1. Which residue, of 153, 173, 117, 165, is closer than 30 Å to residue 259 by Cβ and under 25 Å from the mean Cα position of the chain (by Cα)?
2. Among residues belonging to segment 217-234 that are in contact (Cβ under 8 Å) with a residue 60 or more places away in the chain and surrounded by fewer than 17 Cβ atoms within 10 Å (Cβ to Cβ), point out the one that is farthest from residue 97 (Cα to Cα).
3. Quick one: residue 231 ticks every box in (1) assigned to a helix (DSSP H, G or I); (2) farther than 20 Å from residue 113 by Cβ; (3) in contact with a helix residue (DSSP H, G or I) (Cβ under 7 Å, 6 or more places away or on another chain) except a single one, so which number is it?
4. Would you mind telling me which numbered condition in (1) free of Cβ contacts under 8 Å to residues at least 40 places away in the same chain; (2) farther than 30 Å from residue 301 by Cβ; (3) crowded, with 16+ Cβ neighbours inside 10 Å residue 377 fails?
5. Examine segment 177-200 for a residue that is part of a loop (DSSP other than H, G, I, E, B), free of Cβ contacts under 8 Å to residues at least 24 places away in the same chain and in the same structural domain as residue 12 (by TED's automatic domain parsing), and state whether such a residue exists.
6. Just the residues that are in contact (Cβ under 8 Å) with a residue 60 or more places away in the chain and either assigned to a helix (DSSP H, G or I) or within 20 Å of the chain's Cα centre (by Cα) (or both), please, taken from segment 313-329.
7. Of everything in segment 190-213, what is surrounded by 16 or more Cβ atoms within 10 Å (Cβ to Cβ) and in contact with a strand residue (DSSP E or B) (Cβ under 8 Å, 6 or more places away or on another chain)? Give them in sequence order.
């Protein structure tokens, strides 16, 4: 999974740009398609989502963009195939990512209410198919899945997240500042023409801002929309919701600027120079990839992103656990946050700590809850990380059934942080350690990759210790 999903997500990013081109081409012509594809690249929301490993969100956004293309085709020329495809793609969004499902609703519902003001204006039959038929197809397509998770849907779930004024940063800075004035120009141009895509994008951004920052809709219609707000995640909405509408508006703004100021002066020259420019861009990308290791130290003081939570050495340690331990092995990994996230995925073994799931969290009672705190077992085993050399921890680990201890490289070799593809300071300082894991007499070191270490309890068999 950890080896495949990065490449798949990169491919999804390319597909998203391609779909932006397709959307613009369907809306008007290939010139607008190229402008929207370029706007998708200029807007950094998709790229920052990739850097933060939002892979399911990226897949859902691809399905969402494809859904909009099918809706646009049906609006222009009603065909059953496009309506069915739109419904299936809506269902794909629902199954893939709950946050993006809400994002879809934030764009689609206002558009259904306002598309009567746009051009081309839908017929009543077309509108009814879009408003009722498409969601019905999505419901039928996802019904088996919905039935399989009905116990979760009926659980007493309440979103632990709240709206914040700080989310405006996600809707602006994380999207790339350059795209914002382009989108504003595109909105003005599109609204003057009463363009359907502009109505979609503007309404989408307004409602997304409210769901992420202000909460006016919830204060007025909170009771009516309570089922939606149970799964509301304002942070995710602020990050992901602007990506598509900004690409739509930004593309229109780019094309408007090009037609007014640059087409006559540079149009022919650009067409002639396009192969050279594309080749130069490819060379720059290759040089950047080759020079990345040497450029890494210079970026440590400028970039403010998290990067990779596990280093190459960490991955080696996790793979060793996967290849040299039984499937019922229990691993004590670092509580993190971040340092624990990849251990259960790559090692494919049960671990004590894992990435929190605030909506669905086992509080220790065996019931699904929304507890955003450590479980009793996790809390108890923090004692080991506070003072690994304490002999009392030998009994603590044995009673908990721990077979191995996984030490992240940033703990075993703090100096290695300088060569890691991560930038923000790790949160490991939040849990001060009074001693080193290497000083624990009751543990045997069985694997070490430049500080990424695996220890076995001294009572483990020689085979278990890798001897």
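The values are calculated or read from the model by the stated rules, or taken from the named source; none is laboratory data. Just so it is clear, the structure is predicted and the values come from calculations on it, not from any experiment. Here Cβ is always computed from backbone atoms with ideal geometry, including for glycine, and neighbour counts include all displayed protein chains.
1. Details: 153 fails: closer than 30 Å to residue 259 by Cβ; 117 fails: under 25 Å from the mean Cα position of the chain (by Cα); 165 fails: closer than 30 Å to residue 259 by Cβ.
That would be 173, the only listed residue that is closer than 30 Å to residue 259 by Cβ and under 25 Å from the mean Cα position of the chain (by Cα).
2. Step one: of segment 217-234, the residues in contact (Cβ under 8 Å) with a residue 60 or more places away in the chain are 228-234.
Imposing the further condition that a residue be surrounded by fewer than 17 Cβ atoms within 10 Å (Cβ to Cβ) reduces the set to 230-231.
Values: 230: 15, 231: 11 Å.
The selected residue is 230.
3. It fails just one condition, (1).
4. Condition not satisfied by residue 377: (3).
5. Residues of segment 177-200 that are part of a loop (DSSP other than H, G, I, E, B), as a first pass: 177-178, 193-194.
In the following step, the residues that additionally are free of Cβ contacts under 8 Å to residues at least 24 places away in the same chain were identified as 177.
Now narrow it down to the ones that are in the same structural domain as residue 12 (by TED's automatic domain parsing): 177.
Within segment 177-200, one or more residues are part of a loop (DSSP other than H, G, I, E, B), free of Cβ contacts under 8 Å to residues at least 24 places away in the same chain and in the same structural domain as residue 12 (by TED's automatic domain parsing).
6. Scanning segment 313-329 gives 313, 314, 315, 316, 317, 318, 320, 321, 324.
7. Result: 195, 196.
One line per residue, one yes/no per condition, for (1) outside the structural domain of residue 218 (by TED's automatic domain parsing); (2) more than 23 Å from residue 231 (Cα to Cα); (3) surrounded by fewer than 21 Cβ atoms within 10 Å (Cβ to Cβ); (4) modelled with pLDDT of 95 or more:
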| position | (1), (2), (3), (4) |
| --- | --- |
| 10 | no, yes, yes, no |
| 23 | no, yes, no, no |
| 30 | no, yes, yes, no |
| 55 | no, no, yes, no |
| 86 | no, yes, no, yes |
| 100 | no, no, no, no |
